[in-house]
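These notes are about the structure you will find just below.
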Amino acid sequence: MAPESKLSKAKKGLEKNGFSVDIANSKEELYNKLTPLVADLKTAGFGGSVTTRALGLTELCKSLGLEVFDHWENNLTSDQIEQIRHAHLSCDVFFTSAQAVTLTGEIVSMDGIGNRVAATIFGPKRVIIVCGKNKIVDDLDAAFERIKKVAAPMRAKSLDSPLPCAKTGECNDCDSPVRICRVAIIMYRPPLQTEMKIFLVNEELGY
């Protein structure tokens, strides 16, 4: 018998804690599984996530006729960005990722402003979290270790940020006014009254 994959182990851990989870081995498979979940909806919000953009999920939603609220679109004013972030809280479906998924069944997200984690846990009718296999870790200690040594430094570097982690490659617990690690959530169980779906993708995606 072949050894159980890390994706399957993570799925079992999350399902044990009450999450609805599916595995997609390709972008095409993900699209096939996602489409029935959003095709009847009108509005879709996208949190700050490299993963969802790399998979083309904004384009998928637009092709299905949904109005998309994406604050990463080009040439937006600061007021427009703020309006879009607020729209995330009341959209029909909110797409995001997370920095870590544990084999013990928790999902960990870190944020700078807090809009992404806020919309993840309350507001939208439906929340879809998409994570690549690179974000699967053993437990909560490993989740925060991943944030400090992988996710945060990579994100800071991608922003060409003056943060020390962009240069050192690991968290320095800085007091910078542009610090991006400010708010963390741990989802031990799916939030009450929020329809949540987790997709684990058999690719390395995002930070």
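The values are calculated or read from the model by the stated rules, or taken from the named source; none is laboratory data. All values derive from a computational prediction rather than experimental measurement. Backbone-built Cβ (ideal geometry, glycine too); neighbour counts: all protein chains shown.
Before we move on, is V108 among the β-branched types (V, I, T), part of a strand (DSSP E or B), in contact with a Lys or Arg (Cβ under 7 Å, 6 or more places away or on another chain) and closer than 30 Å to D141 by Cβ?
no
Listed residues L103, L89; which is under 30 Å from E145 (Cα atoms), in contact (Cβ under 8 Å) with a residue 60 or more places away in the chain and aliphatic (A, V, I, L, M)?
L103
Does S26 fit the bill of being more than 29 Å from F144 (Cβ to Cβ), exposed (fewer than 15 other Cβ atoms within 10 Å of the Cβ) and under 18 Å from the mean Cα position of the chain (by Cα)?
Yes, satisfied.
D40 - would you say it is more than 22 Å from P190 (Cα to Cα), surrounded by fewer than 20 Cβ atoms within 10 Å (Cβ to Cβ) and either touching a Lys or Arg at 6+ places or on another chain (Cβ under 9 Å) or at pLDDT below 95 (or both)?
yes
Need a quick list: strands (runs of 3 or more DSSP E) entirely within region 1-104 having at least 1 residues that are more than 23 Å from L200 (Cβ to Cβ) and charged (D, E, K, R).
Correct list: 67-70.
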